Structure formats: structure tokens, C-alpha cells
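*Asks:* This is the structure I have questions about; it appears just below.
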Amino acid sequence: MNKVFLYLLFATIAFSTHAQIFRGRVIDAKSRQSLPFVSVLQKGTQNGALTDIDGKFLLKAADSTQTWVQLQIQYLGYEPQTIATSTFSDKNNIVIKLQPQAFSLQEITVKAGENPAHRIIKKTIKNRAINNPEKMHSFTYDSYTKFFVTADLKANIDSVSTKDTLLNRMEKFFKNQHLFLVESVTRREFLKPNKSHETVLASRVSGLKNSPFALLATQLQSFSFYDDFVSVLDEKYVNPISEGSTRKYFFLLEDTLYSGKDTVFVISFKPRKNKNFSALKGVLYINTNTYAIQNVIAEPERKDKSISIKIQQKYEYIEGKQWFPVQLNTDWIWSGTTVSTSDTSKGGTRSAPLKSVSRTYIKDIVLNPELKKKIFSEVEVEMDKHSDRQDESFWNQYRTDTLSSKERKTYHTIDSIGKEYKFERKLKTLEALMTNKLPIWVFDLDLDRILRMNNYEYARLGLGLHTNKRLSKWFTVGGYFGYGFKDRAWKYGADGSVFLWRKKELALNALYQKDITESAGTNFFENNRNLMSSELYRDLFVSMYDKIEKYQASLSFRMLKYIRANVFANHQQRFGKTLFKTQDNAVRDTFQYNEVGVQLKFLYKEKFIETINNKLSLGSDYPVFYVNITKGMNQPFFNQKGDFNYWKFDFKMDAQKTFLTIGTSRVQLVAGKIIGNLPYTMLYNMRGSWIKGFELSAINSFETMGVNEFTADQYAALFFNHNIGRFLKPRKKFNPEIELVHNMGWGTLSNPENIFNVSTQSPNKGYFESGFRILHIIKISATTFGVGAFYRYGAYTKPHALDDITVKMVLAIKI
């Protein structure tokens with residue numbers, strides 16, 4: 001009897017439990033896009049749920065005897081709706097369509113007491129440290145990311161008609177497949193304070209193999225919403241829950257929802273009027289359980305007509321201990337890039353902007369596991385060597401659902417097109433642009449050797465080749481040649497490296513070159529200049545070069561994790577236009593140098609992404625330091641005797657800092673000192689970049705100082721630039737930004753009487769200039785044009801005051 005009773009009791013409970021669950025999805029009635037974080041409340045109760053990022057919800061009826069309930073649906077920016085579940089034939093597949101309403105977040109004045117939203121926001125800010133998962137001791141998780149590219153047909157949806165055959169054709173195509181599809185599975189391990197390692201366990205890219213796109217998908221937005229800045233596609237925005245945010249952002253308490261025993265406050269935010277900073281706008285869902293973020297929807301406040309971005313994050317309370325992100329979404333529409341269809345017989349074209357969508361689902365979260373420091377390295381993200389060969393059974397462990405017919409067709413179609421149009425070859429070209437190396441069989445073509453421009457050669461055409469890992473992972477050999485059209489001379493060189501210990505980047509190197517080098521210039525180890533930086537433009541103005549023939553052997557390695565070192569010995573012969581009087585009073589233009597020394601590069605907490613073919617630096621938030629220590633010897637070396645005995649010390653620091661409200665500062669500090677008596681070619685030219693008739697701004701140079709106007713054998717210079725950001729409403733081709741500039745330098749020269757055919761004036765009284773740049777006034781494709789004005793003052797002003805003012809064009813690349 002008791003067994004029968006228990007059986008009936010359990011059966012009743014099972015039946016009741018089954019009967020009282022309602023599952024569904026909430027979508028935009030117009031665009032049919034899923035709506036995240038919609039409040040779904042059982043009418044007359046506090047029993048409710050929020051949809052997830054995909055718009056899905058699950059609700060258990062408050063009364064287990066109820067087979068249907070009334071649902072109250074409420075969402076910011078949409079018409080509220082009440083609907084009975086009995087109107088749906090399948091209670092596990094309820095689809096609720098919400099109608100958008102006109103919505104504009106207006107700033108209001110709270111006259112009596114404090115804005116109620118501020119109390120909640122201040123508590124959220126106070127609890128940032130305990131709610132931020134990256135403040136924990138350690139964690140691990142697996143994630144599945146799906147990224148696809150399609151067309152945004154939302155703008156044309158009202159005009160769809162049976163007569164609009166072109167638009168219907170486009171809509172039919174994108175209902176059946178995407179343009180591009182990427183899936184990846186990653187595993188991340190984190191150890192306090194900031195050790196992180198992420199491995200791409202599986203990667204699949206339509207039309208491609210061994211693609212780095214899976215790595216890039218992990219870098220689209222910040223992992224959590226608790227740092228001072230929120231990163232979206234490499235842009236930094238001030239977080240609405242950073243310190244002092246109530247002075248920058250306007251907050252409005254829009255709604256109060258319920259999640260079990262906890263209350264969820266829905267608070268909208270946008271920047272206050274007359275506040276100029278990189279701001280977001282959107283909605284925060286704050287849970288009273290530790291006043292943590294439960295959900296967030298955000299987008300840049302300033303609309304860019306070429307691109308619009310929206311991010312979404314969902315958090316869950318894991319193991320009753322810690323709020324943790326479980327879903328991350330990134331959507332962006334490329335208004336400036338469209339896909340189109342046309343009818344050649346009848347004429348006419350229909351187009352729609354491209355839309356990119358990324359969905360990341362985080363699972364198997366483990367809090368505070370035992371992790372050893374030795375498993376972490378400077379490589380933050382890497383690809384498993386089997387990542388492109390995982391089978392369907394592996395993928396299905398991590399996918400939230402099986403692939404749809406639309407996704408399967410995308411893979412099938414784009415894979416076929418990829419083979420036909422050689423997508424792999426095009427991807428290699430893209431990687432080549434990032435690394436300056438284009439793989440061709442067992443060789444890498446050195447792209448930076450193809451064309452060089454300066455005021456000595458005008459244009460230089462050439463070619464460089466090196467062997468790559470396909471020939472051997474233990475060594476590389478190569479060389480280059482080039483021809484200068486103004487000096488009508490060939491230059492060439494060869495080098496090789498043997499990799500003795502790859503983990504420590506230990507390599508034995510040798511090189512020979514017969515080339516040119518800038519007179520009184522300085523080079524640092526692994527100082528790879530940014531191809532997007534205007535610092536490169538100074539090369540166009542430099543006309544004083546020396547011919548050089550050089551032999552060098554070196555040992556390069558990594559030490560103490562963040563230091564790259566190069567210990568070298570070389571012999572070089574230099575010949576130039578400048579003359580030097582030696583100790584025996586002979587005036588010569590050609591000299592021999594024997595050198596030994598060490599070059600260091602230190603970048604604290606530098607991180608890398610490692611693909612199957614390349615290792616790419618992610619940089620660091622810390623300054624980068626370069627140091628050269630060189631000893632010149634007059635003893636025989638490489639069967640050659642050096643002409644001089646000297647010490648040379650060189651230093652450089654590059655730093656960048658973004659502030660919450662006042663913009664971004666960039667600082668470069670350089671200094672050098674020579675102990676000994678040397679010709680002009682080995683001194684310092686102070687990096688002037690002004691030349692009459694060719695006014696083009698170059699960062700980290702003296703904008704009003706003539707090239708080779710000053711000379712020093714000890715010097716220091718500071719280049720300071722502060723970008724305060726946009727100051728006008730952005731437009732498609734007009735997004736000006738103001739950058740303030742201040743440069744100053746000092747130097748002395750101990751042997752001016754021994755140097756001829758060049759200015760020997762030294763800036764021993766201090767050189768000063770200040771000015772500004774207005775960037776991005778006009779944009780043509782990826783190139784922007786602006787203007788800069790700079791003023792020279794202090795001890796080295798010119799006879800006419802107007803000559804101290806220099807106006808230059810500002811040229812930049814902005815993608």
C-alpha cells in the first residue's frame with residue numbers, strides 16, 4: 001500500500017512538474033530578431049523570468065495545478081503585452097512578438113533628494129571587486145563561439161513586396177545561408193592577479209583551414225563589465241560602473257523585476273549633456289544579490305555612420321558563490337560595406353549592409369581550482385595543433401544546438417567557393433600584411449623590402465626572401481637586394497639564424513649587408529614601428545645617409561619572461577658626405593668601427609596570440625623600454641682594425657595611457673650619451689622633421705626643427721601627444737579629433753671643431769615647440785586628412801616670428 005501511495009505521489013509530482021513548465025522565445029515583431037533580457041512575469045504574482053541573450057525563457061507556474069497562465073511581457077522600448085499560454089498549441093514552443101515603440105532616453109532633473117538610480121549604481125561600484133570574476137583566485141571554463149556574416153535586411157523590410165523581385169531574391173538567399181561562418185571551442189585558465197591562458201581546442205571556418213579567425217573571435221569585447229574601460233573591437237569606452245560615473249553618465253531607474261527571492265533593477269544609462277568622452281549607452285540589470293550585474297546591453301553613444309555595434313552580456317550566480325558571465329554577444333552592422341544583387345536584363349540594383357554576429361556561450365565553469373604558475377606563459381591565446389581536425393562528436397559536446405540547415409549549407413557552399421577561388425591563398429596575403437611576410441612554398445617574401453621611400457634614394461625597389469618553417473623549424477636563411485633611383489646604387493644583404501632553444505627564443509644569428517644607414521640616427525632591437533603610425537613619414541624627409549658595409553654575429557634570447565636581449569659583435573665601414581678631423585689632423589670621410597654590445601627590449605606583461613604559422617604580439621598596457629649599450633674598440637676584429645675607442649648608451653621609452661574622461665596620452669622619451677670622440681655618422685641628429693615645401697606631420701619628431709639642423713653627442717628629448725577625442729557630432733566622412741602636442745629636447749656637442757659639411761649647432765639651451773593636430777577632418781576610404789599647427793619658441797626662434805609657426809598636413813589611416 002505504501003509503495004502504491006509513493007508511486008502515485010511521485011507520478012503526480014512528475015506530471016504536475018511537467019505540466020507547469022512553459023518554454024518560449026520573445027522576438028521583435030518587425031525584424032524577427034531575438035530580444036534578450038525581456039521580463040516574462042506570471043500575472044498576479046512575483047513569479048517571473050528573464051529571457052536569455054537568444055530571447056529564450058523558461059517559466060514554472062506558481063501553482064502546480066495550473067495548466068495555463070497569463071504572461072505579462074515587458075521590455076524597454078517595446079509595447080507591453082499580456083498573453084495567455086492557452087493561445088499556443090505547444091507550451092514548449094511559445095513565440096511572443098513585441099511591437100517596438102518610440103523610445104528616447106531623456107535626461108530629467110531629480111528635484112527631491114538623490115536620483116534613486118544613483119543609490120543602486122553606487123552600491124554596484126562599491127561591490128565591483130567581489131563581483132568581478134577576474135578578481136577571484138582562479139577559475140577555468142570552456143566556451144563555444146559562433147560567428148557569422150550575413151546581410152542586414154532590416155532597413156529594407158518595409159519595402160519587401162511581391163513586385164520587388166530583387167529584394168525578394170536577396171531575402172531568399174539569406175534565409176538559406178550566411179556569407180561566412182566560424183565556430184570555435186576554447187578552454188581558458190585564469191590565476192590571480194592576471195595570468196591567463198586560452199587554448200583554441202577546435203576551429204572551423206567556412207572556406208578556410210588553419211585560420212586565425214577563431215583567435216580573433218575571442219578578442220571582440222571585454223570578458224566582463226567590471227573594469228574602468230569596456231573594450232569593443234579595440235576601442236575603449238568609459239564603463240558606466242567605474243568610479244565617479246554618476247558625474248559622467250545619466251542613470252534612470254526604468255523598472256523593478258523579480259528573480260526568485262532577489263530584486264532586479266532595470267537602469268538605463270547615457271552620457272550627461274555637454275560631457276565629451278568615449279561613452280556607452282544602454283541598459284543595466286542589477287541584482288540585489290551583492291548588487292551585481294545580471295545582464296547588460298550597451299552600444300557606443302556616438303553613432304558612426306559606417307559601423308554600428310551592440311554588445312550584450314548575461315551573468316549567472318555560480319555555485320551560490322560568484323557571478324560569472326555565461327553568454328556574450330557582439331553585433332555590428334557595416335553600413336559602409338554592402339552586399340548587392342542586380343538584374344542585368346531589366347536593370348536595377350538592391351543592396352544591404354553587411355552584418356556580423358558573434359555568440360559566445362560559457363560552460364563547465366570551475367571556481368578556484370588549483371592551478372600552477374608554470375602552465376602560464378607570455379602566450380595568452382594559442383591554437384591546438386589538432387584544432388582544425390575535430391569530428392562532429394567533439395563539436396556536439398559544446399554546441400548549444402546542432403547545426404541548422406542554414407549553417408550546414410553555409411559550410412558546404414563557402415567551402416566549395418573557397419577551393420575554387422583559393423581563399424587560403426587570400427588569407428595568407430592578409431596574414432602577410434600583419435607580419436610583413438608572405439609565405440610562398442618554403443620561403444617568406446619580405447614585404448617591407450619591396451618599396452622604400454626617402455629623400456636620399458627617392459624610391460627604392462627591391463626584394464627579400466627567407467626560408468620558413470616548411471623547410472625547417474630549426475633555422476632560417478635569406479637575403480635581400482634593392483635599387484635606389486636617385487642615388488642609382490644597388491644595396492644588398494644576407495642573414496641566417498639557428499634556433500637553439502625555441503621556448504627561450506634562443507637563436508644564433510649572422511648577417512652581412514652593403515646598404516645605407518641614416519647619418520646620426522639610432523636603431524633599437526625589435527623596434528617594429530607601427531605601419532599605421534605617422535612616425536614613418538619622417539623617412540620621407542631624411543636626405544643624409546651614409547654608405548655602410550657591415551658584418552655581425554649575435555645571440556638573441558628571452559630572459560626573465562618579459563625581456564628580449566641581443567648580444568652582438570660587429571665590424572662596419574661607413575662612408576658619407578660629412579668630414580671628420582682625426583687626432584693626427586687628417587680630414588677623412590670613411591671610417592672603420594668595431595663594436596660589441598647588448599640590446600634590450602622590456603615590455604612588462606606583454607601577451608601574444610600564437611597561430612599555427614605566426615606569433616603575434618597583443619602588446620601591453622605598460623610602457624615599453626629599449627636600451628642599447630655599445631663598446632667601440634680600436635683593436636682588430638673580423639680581420640679589421642677599428643678607428644675609435646668609445647662607449648655609447650641609448651635609451652627609449654614608449655608609453656600610452658587612456659584616461660576616463662580626458663582622452664589618451666602618448667609619450668616617447670629618448671636619450672643618448674657618447675663617451676669618446678666620433679664622426680657625425682655616429683652622433684645624434686635630434687630627429688627634426690621639417691623640410692621646406694613638404695609639410696607633412698610625423699609623430700615623435702620635432703615638427704618645426706629642420707632635418708639635421710642640430711647635432712649632439714649627448715641628448716634627451718620628450719615627445720608628448722594628448723588626443724582629447726572628437727569634439728563635433730560624427731559624420732560619415734567628417735570625424736575630427738583634436739590632439740595637443742608638446743615636444744622638447746636638450747643636447748650638447750663636445751667636438752664641433754672636428755666635424756665639417758653639416759650643422760654642428762647643439763640645442764644646449766633647450767629646444768621647445770607646442771601645437772595641435774586636428775585629425776580626420778576628411779575621410780576617403782581608409783585614409784583621413786587633417787591639419788596641424790606648431791610653434792617654435794625659446795632660445796632657437798627665427799628672426800621673423802611667422803617663421804616659427806609651421807602648418808602641416810596630417811595624414812592617417814583609420815579602418
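*Asks:* What number of residues within segment 771-815 satisfy the criterion of being open to solvent by 30 Å² or more (accessible area, probe 1.4 Å) and either assigned to a strand (DSSP E or B) or not β-branched (Val, Ile, Thr) (or both)?
*Replies:* 27
*Asks:* Could you list, in sequence order, all residues of segment 713-728 that are over 21 Å from GLN656 (Cβ atoms) and either charged (D, E, K, R) or crowded, with 18+ Cβ neighbours inside 10 Å (or both)?
*Replies:* Selection gives ASP713, GLN714, TYR715.
*Asks:* Give me the residue from segment 756-770 that is small (Gly, Ala, Ser) and assigned to a loop (DSSP other than H, G, I, E, B) and, out of that set, modelled with the lowest pLDDT.
*Replies:* It comes out as SER759.
*Asks:* Which of the residues belonging to segment 257-280 are buried (at least 20 other Cβ atoms within 10 Å of the Cβ), among the polar types (S, T, N, Q) and at pLDDT 85 or above?
*Replies:* SER268
*Asks:* Turning to a different aspect of this structure: Would you point out the residue of segment 54-108, among those that are farther than 14 Å from ILE27 by Cα and aromatic (Phe, Trp, Tyr), that is modelled with the highest pLDDT?
*Replies:* Going through the qualifying residues, I end up with PHE88.
*Asks:* Shifting gears a bit: What's the number of the only condition in (1) loosely packed, with under 15 Cβ neighbours inside 10 Å; (2) part of a loop (DSSP other than H, G, I, E, B); (3) modelled with pLDDT under 95 that GLU753 fails to meet?
*Replies:* Failed condition: (2).
*Asks:* Consider only pairs whose beta carbons are under 8 Å apart and that are at least six residues apart or on different chains; among these, list those whose first residue lies in segment 38-49 and is assigned to a strand (DSSP E or B) and whose second residue is open to solvent by 10 Å² or more (accessible area, probe 1.4 Å) and of a type in the set (Ser, Thr, Tyr).
*Replies:* SER39/TYR75; LEU41/TYR258; GLY48/SER39; GLY48/TYR258; GLY48/SER259; ALA49/SER259
*Asks:* Also, quick follow-up: Considering only segment 460-472, state which residues are outside any strand (DSSP E or B) and either hydroxyl-bearing (Ser, Thr, Tyr) or open to solvent by 80 Å² or more (accessible area, probe 1.4 Å) (or both).
*Replies:* LYS469, ARG470, LEU471, SER472
*Asks:* Additional query: Return the total of residues in segment 628-646 being open to solvent by less than 30 Å² (accessible area, probe 1.4 Å) and in contact (Cβ under 8 Å) with a residue 60 or more places away in the chain. Can you show your working first?
*Replies:* Start the filter on segment 628-646 by keeping residues that are open to solvent by less than 30 Å² (accessible area, probe 1.4 Å), which leaves 628, 630, 632, 642, 644, 646.
Then keep just the ones that are in contact (Cβ under 8 Å) with a residue 60 or more places away in the chain; that gives 628, 642.
Result for segment 628-646: 2.
*Asks:* If I filter segment 801-814 for residues that are more than 30 Å from ASN276 (Cβ to Cβ), in contact (Cβ under 8 Å) with a residue 24 or more places away in the chain and in contact with a strand residue (DSSP E or B) (Cβ under 8 Å, 6 or more places away or on another chain), do I get at least one hit?
*Replies:* yes
*Asks:* OK, next. Those residues that are more than 22 Å from ALA789 (Cα to Cα) and at pLDDT below 95, I need them from segment 704-729; list them, please.
*Replies:* Kept after step one, since they are more than 22 Å from ALA789 (Cα to Cα), are these residues of segment 704-729: 711-716, 729.
Listed by number, the list holds a single entry, LYS729.
*Asks:* Moving on. Say we look at segment 565-609 and pick out the residues that are on the phi < 0 side of the Ramachandran plot and not in a strand (DSSP E or B); which of these is surrounded by the fewest Cβ atoms within 10 Å (Cβ to Cβ)?
*Replies:* Here the answer is ASP584.
*Asks:* Which ones in segment 301-327 are open to solvent by less than 40 Å² (accessible area, probe 1.4 Å) and either assigned to a loop (DSSP other than H, G, I, E, B) or among the hydrophobic types (A, V, I, L, M, F, W, C) (or both)?
*Replies:* Residues satisfying the conditions are SER306, ILE307, ILE309, ILE311, ILE318, TRP323, PHE324, VAL326.
*Asks:* OK, next. Scanning for something surrounded by 18 or more Cβ atoms within 10 Å (Cβ to Cβ), at pLDDT 95 or above and assigned to a strand (DSSP E or B), does segment 417-440 turn up at least one residue?
*Replies:* Checked against the condition, which is being surrounded by 18 or more Cβ atoms within 10 Å (Cβ to Cβ), at pLDDT 95 or above and assigned to a strand (DSSP E or B), segment 417-440 yields no hits at all.
*Asks:* When you scan segment 647-706, how many residues do you find that are in a strand (DSSP E or B), surrounded by 20 or more Cβ atoms within 10 Å (Cβ to Cβ) and in contact with a helix residue (DSSP H, G or I) (Cβ under 8 Å, 6 or more places away or on another chain)?
*Replies:* Total meeting the criteria: 4.
*Asks:* Picking from PHE710, PHE768, which residue would you name as being open to solvent by 40 Å² or more (accessible area, probe 1.4 Å) and either farther than 19 Å from VAL807 by Cβ or more than 26 Å from the chain's Cα centre (by Cα) (or both)?
*Replies:* The match here is PHE768.
*Asks:* Look at LYS547 and say whether it is at pLDDT below 95 and either more than 21 Å from LYS491 (Cβ to Cβ) or open to solvent by 60 Å² or more (accessible area, probe 1.4 Å) (or both). Reasoning before the result, please.
*Replies:* Numbers: at pLDDT below 95: no; either more than 21 Å from LYS491 (Cβ to Cβ) or open to solvent by 60 Å² or more (accessible area, probe 1.4 Å) (or both): yes.
Judged against the criteria, LYS547 is not a match.
Results for (1) modelled with pLDDT of 95 or more; (2) open to solvent by 30 Å² or more (accessible area, probe 1.4 Å), shown as yes or no for each residue.
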residue	(1), (2)
TRP474	no, yes
TYR483	yes, yes
ALA489	yes, no
TYR492	yes, yes
GLY496	yes, no
GLU535	no, no
ARG538	no, no
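*Asks:* Go through segment 24-65 and give me each residue that's open to solvent by 50 Å² or more (accessible area, probe 1.4 Å) and either out of contact with any Gly (no Cβ under 9 Å at 6 or more places or on another chain) or of a type in the set (S, T, N, Q) (or both).
*Replies:* Residues satisfying the conditions are LYS30, ARG32, GLN33, LYS43, GLY44, GLN46, LYS60, ASP63, SER64, THR65.
*Asks:* Does segment 281-300 hold any residues that are in contact with a helix residue (DSSP H, G or I) (Cβ under 9 Å, 6 or more places away or on another chain), open to solvent by 20 Å² or more (accessible area, probe 1.4 Å) and not polar (S, T, N, Q), and which are they?
*Replies:* Hit for segment 281-300 is TYR291, nothing else.
*Asks:* Identify the single condition in (1) aromatic (Phe, Trp, Tyr); (2) in contact with a Pro (Cβ under 9 Å, 6 or more places away or on another chain); (3) more than 29 Å from MET453 (Cα to Cα) that TRP647 does not satisfy, given that it satisfies every other one.
*Replies:* For TRP647, the failing item is (2).
*Asks:* I'd like the full set of residues that are in contact (Cβ under 8 Å) with a residue 24 or more places away in the chain and open to solvent by 40 Å² or more (accessible area, probe 1.4 Å), limited to segment 551-564.
*Replies:* First, pick out the residues of segment 551-564 that are in contact (Cβ under 8 Å) with a residue 24 or more places away in the chain: 551-559, 561-564.
Listed by number, the residues that qualify are TYR551, ALA553, LEU555, PHE557, MET559, LYS561.
*Asks:* It is to be established whether one or more residues within segment 730-741 are at pLDDT below 95 and among the polar types (S, T, N, Q).
*Replies:* yes
*Asks:* Which ones in segment 497-550 are closer than 20 Å to HIS571 by Cβ, part of a strand (DSSP E or B) and of a type in the set (Gly, Ala, Ser)?
*Replies:* Listed by number, the residues that qualify are SER497, ALA510.
*Asks:* Could you tell me whether any residue of segment 328-341 is crowded, with 16+ Cβ neighbours inside 10 Å, at pLDDT 80 or above, hydrophobic (A, V, I, L, M, F, W, C) and over 27 Å from the mean Cα position of the chain (by Cα)?
*Replies:* No; the residues of segment 328-341 include none that is crowded, with 16+ Cβ neighbours inside 10 Å, at pLDDT 80 or above, hydrophobic (A, V, I, L, M, F, W, C) and over 27 Å from the mean Cα position of the chain (by Cα).
The values are calculated or read from the model by the stated rules, or taken from the named source; none is laboratory data. For clarity, every value in this text was computed on a predicted model and none was experimentally measured. Cβ atoms come from the backbone with ideal geometry, glycine included; neighbour counts cover every protein chain shown. Please note that ligands, DNA and RNA were not included when accessible areas were found on the heavy atoms of the full protein model with its side chains. Shrake-Rupley method; radii C 1.70, N 1.55, O 1.52, S 1.80 Å.
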